[in-house]
Structures are given as structure tokens and as C-alpha cells.
1. Could we say that F139 is assigned to a loop (DSSP other than H, G, I, E, B) and more than 18 Å from Y80 (Cβ to Cβ) here?
2. Condition first: under 23 Å from P94 (Cβ atoms) and touching a residue at least 60 places away in the same chain (Cβ under 8 Å). Now tell me which residues in segment 114-144 satisfy that.
3. For segment 203-225, state whether one or more residues are on the phi > 0 side of the Ramachandran plot and either open to solvent by 30 Å² or more (accessible area, probe 1.4 Å) or assigned to a loop (DSSP other than H, G, I, E, B) (or both).
4. Quick one: which residue in N105, N97, N137 is under 16 Å from the mean Cα position of the chain (by Cα) and closer than 26 Å to V207 by Cα?
5. Restricting to segment 196-226, name every residue that is under 24 Å from the mean Cα position of the chain (by Cα), farther than 21 Å from Q166 by Cβ and of a type in the set (D, E, K, R).
6. Based on what the data block shows, is K131 part of a helix (DSSP H, G or I), modelled with pLDDT of 95 or more and open to solvent by 50 Å² or more (accessible area, probe 1.4 Å)?
7. How about segment 153-198: which of its residues are in a helix (DSSP H, G or I), open to solvent by 30 Å² or more (accessible area, probe 1.4 Å) and either among the aliphatic types (A, V, I, L, M) or in contact with an Asp or Glu (Cβ under 7 Å, 6 or more places away or on another chain) (or both)?
Amino acid sequence: MKKGMLIPALLGLVLIGLYSKRKLDGSTYQSASIEQEATQIASREAIKNGDIIFQTSLSGQSNAIQLATHSKYSHCGLIYKEGNNYMIFEAVQPVKNTPLDEWINRGKGGKYIIKRLENADQILTPAVLNKMKEVGNSFIGKDYDLTFEWSDDNIYCSELIWKNYQRATGIEIGRLQQLKDFDLNNEVVKEKMKERYGDKIPMNETVISPDAIFESKLLRTIKANY
């Protein structure tokens, strides 16, 4: 091979190797794609403060939640813009803010749906959004609520959203239910309930599920990647 052709040839081999690695390493490929998509969403300003994002979580309890609620959605969070970045305020372990691309990448297949409150432009004024953040700040750092209790001691994802909206705006997004209202007959659900509660299941505990928020008539879908 001529000397002048050596460098281009070597560069081509390097590029092919990198491409092959990305094709073989699914997580690397997916992460890069999701980061790019999150950047595009932000640049188009397709989402706004107070929007709610849903996904199918890959957590150990996700399947049980899906079966009990008859829904594909098992996790949700609130969207806020921090500087030039979009963050997801969520109840995991602990309650915290997570970058949008990281949050999306953590869900099943990188899929998600974003919903917005009807008349959000009129209702979610800067003052109201500040109030929502004040409410949210009172939960930051709290442990994830594994037993889905209605107290503020520990918090789970849909509870965090419901209480933020209700306490800042007076609006109740999603119908409150009791634990006994869900489908608890599947063996996967029974096993998870046994793990969390033992033999004393609090059937009358107030609960708000991700599905109840998702199905709320007060919300409309503004972006779907599912």
C-alpha cells in the first residue's frame, strides 16, 4: 500500500471498529440515541415546566405494578427546566432530580409519553410553578415508599406528582383509590405484597397509581415515543 493511502485506510478501520462496537453494544447505542433525542426535545422546547412524563420502569416491582393496575406505565415524574437542561423530579431512592436523557434511558426500550395539564398556560403561572417547586423541595431526599403509604414520611412516584399538583394548585390529577381496588390476584402481585406487608396487607390504604394519573381527563398527550 502506498504511504499516501495508509492514513485514510487506518482511519477507515478505526471508524468501522467504532461503528461495530456501537452496533454490538446495545446500551451504548441506545444511550447515544436517547441523549440526542433529549437534546432535540429541549431545542424545540416541546416540553414545559410541570409536564408529566411516564415510562415502563425496569425496577423489581414494575411488573407487579403493571399487573395490579392493568397498565404498561409503572413510573412517572415531573419535568422542570434547570438552566439549559431539563430535569425529571421523581421519587426513586431517594426523591431527587434526574437529567431527562438519563431518566428516559433508564426505562424499558427508552420509551416514554409526556402529558400536560389542560390550560397549563393559564394555570401554571410562574408563581404557581414556584409553589410547586417549594412543595417538591420538602420531599427531596426522602426515601422511596416501598409500602405505598399516604403519609409524607416516605414518597412513591405518583404520590409525589399528585401531592405537588394538589398542594400548589388545588387540582387533583387522578382518582385516589384504596389498595383493595387493584387486581391483587396474580401470583407476581401476591409475592410482592407478601414481601412488603407480610400477612397484614393494609387494604384500605389510600393510593394513587401511575395509571390513575395517566388516565386523568385533566391531561392531554403532547409527545409520545411508545
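1. Numbers: assigned to a loop (DSSP other than H, G, I, E, B): yes; more than 18 Å from Y80 (Cβ to Cβ): no.
The answer is no for F139.
2. Pass one, segment 114-144, residues under 23 Å from P94 (Cβ atoms): 129-144.
Selection gives L129, M132.
3. First, the residues of segment 203-225 that are on the phi > 0 side of the Ramachandran plot: none.
Taking every residue of segment 203-225 in turn, none turns out to be on the phi > 0 side of the Ramachandran plot and either open to solvent by 30 Å² or more (accessible area, probe 1.4 Å) or assigned to a loop (DSSP other than H, G, I, E, B) (or both).
4. Values: N105 fails: closer than 26 Å to V207 by Cα; N137 fails: under 16 Å from the mean Cα position of the chain (by Cα).
Answer to the check: N97.
5. Just the residues of segment 196-226 that are under 24 Å from the mean Cα position of the chain (by Cα), to begin with: 196, 205-226.
With farther than 21 Å from Q166 by Cβ added as a condition, the list becomes 196, 221-226.
Answer for segment 196-226, where residues must be under 24 Å from the mean Cα position of the chain (by Cα), farther than 21 Å from Q166 by Cβ and of a type in the set (D, E, K, R): R196, K223.
6. Working: part of a helix (DSSP H, G or I): yes; modelled with pLDDT of 95 or more: yes; open to solvent by 50 Å² or more (accessible area, probe 1.4 Å): yes.
Here the answer is yes, as K131 does meet what is asked.
7. Residues of segment 153-198 that are in a helix (DSSP H, G or I), as a first pass: 157-169, 179-181, 187-197.
Narrowing further to those that are open to solvent by 30 Å² or more (accessible area, probe 1.4 Å): 166-167, 169, 180-181, 187-188, 190-192, 194-197.
Listed by number, the residues that qualify are Q166, V188.
The values are calculated or read from the model by the stated rules, or taken from the named source; none is laboratory data. Keep in mind that this is a model prediction, so the values were computed, not measured. So basically every Cβ, Gly included, is an ideal-geometry build from the backbone, and we count neighbours across all protein chains shown. Surface areas here come from the heavy atoms of the whole protein model, side chains and all, with no ligands, DNA or RNA. Shrake-Rupley method; radii C 1.70, N 1.55, O 1.52, S 1.80 Å.
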